[in-house]
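In what follows, a single structure is set out as structure tokens and then discussed.
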Amino acid sequence: MRTALVTRETKETQISIELNLDGGEVEIDTGIGFFNHMLTSLAVHGGFGLKINAKGDLDVDCHHTIEDTGIVLGKAFSQAIGDKSGIARFGSFYVPMDEALGFCSLDISGRPFLVFDAAFPEEKIGGYDSCMTEEFMRAFAYNSGITLHLKAMYGKNSHHITEALYKALAHSLRTAVMQTPSNKPLSTKGVL
């Protein structure tokens, strides 16, 4: 079973995540409406079962809740993928969202890295600070061991730009975690 259950508790957040790479229920509660929408999109478009319960210091702002959710989700992906044997490893995808176009390319390599190229015309989307998209993606990439490249090719609406990026990530992950006939990691080194 390609599943994980990861919890993390700090003075700022308490987060519990259940992940099933092969599908299942999707239940997201972070206290941030737009972030719930993005994580739901990530799960649905990725074909993942995902349950997230996150409580954070939203009286301060959304930063800790979003970043820490990225940390825990990254750890869950790393755990569910295991030694990376028998997965496609790479994934790339474009997603159009009205006037916006988002692109993602990734490698489940064990070498975490983030390249993020996006500008957001509006600073906030509901209770979600647009700049937190990059923070979430960084936390996710570094804790999952994924080399992650994201680019907003163009767009005029922060909601559309952000949603295109999350959905591009979802479809790229869906491709990369697909099981292959091999039971070995896809690497000339023999390990990842």
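Bear in mind that the values in this text are calculations on the coordinates, not laboratory data. A quick note: this is a predicted structure, and the numbers were derived from the prediction, not measured. Counting neighbours? That spans all protein chains shown, and the Cβs are built from the backbone with ideal geometry, glycine included.
Each Cα pair under 8 Å and six or more residues apart adds its separation to the average, and for the chain the resulting relative contact order is 26 percent. Checking the Cα-Cα distances for 84/167; 75/184; 124/184 against a 32 Å cut-off, the pairs over it are 124/184. For the chain, the mean residue ellipticity at 222 nm estimated from helices alone is -11500 deg cm²/dmol, where every DSSP H run of n ≥ 4 contributes -39500 (n - 2.57) and the total is divided by all residues, rounded to the nearest 500. Other residues with beta-carbon under 11 Å from the beta-carbon of residue 15 carry, at +1 per Lys or Arg and -1 per Asp or Glu, a net charge of -2. Take the Cβ atoms of residue 83 and residue 22, set R0 to 22 Å, and the FRET efficiency comes out at 0.80. A cut-off under 12 angstrom between Cβ atoms defines the neighbours of residue 57, and their net charge, with Lys, Arg +1 and Asp, Glu -1, is -3. Gain on full extension, evaluated as 0.36 nm per residue between residue 40 and residue 1 minus their Cα-Cα distance, stands at 11.9 nm. You can think of it this way: the chain between residue 131 and residue 59 has 24.1 nm of extra reach, that is 0.36 nm per residue less the Cα-Cα gap. Considering only the Cα atoms of region 47-93, their convex hull presents on average a projected area of 4.6 nm². Beta bridges from DSSP with both residues in the chain: antiparallel share about 80 percent, rounded to the nearest 5. Classify region 126-168 as rounded, prolate or oblate, taking a ≥ b ≥ c as the square roots of the eigenvalues of its Cα gyration tensor: rounded when a/c is under 1.5, otherwise prolate if a/b is larger than b/c and oblate if not. It is oblate, given that a/c is not under 1.5 and a/b is not larger than b/c. Distance from the alpha carbon centroid of region 152-177 to that of region 1-35 works out to 20 angstrom.
In this simple spin-label model, placing a label point 7 Å from the Cα along the Cα-to-Cβ direction at both residue 187 and residue 111 gives a separation of 1.0 nm. Rounded, prolate or oblate: which one fits the chain, using the alpha carbon gyration tensor with axes a ≥ b ≥ c (rounded when a/c is under 1.5, else prolate when a/b beats b/c, else oblate)? Judged from the Cα gyration tensor, the chain comes out oblate (a/c at least 1.5, b/c at or above a/b).
With a cut-off of 12 Å between beta carbons, the residues surrounding residue 102 carry a summed charge of -2, where Lys and Arg count +1 and Asp and Glu -1.
Ordered by the number of other Cβ atoms lying within 10 Å of each residue's own Cβ, fewest first, 101, 5 fall into the sequence 5, 101.
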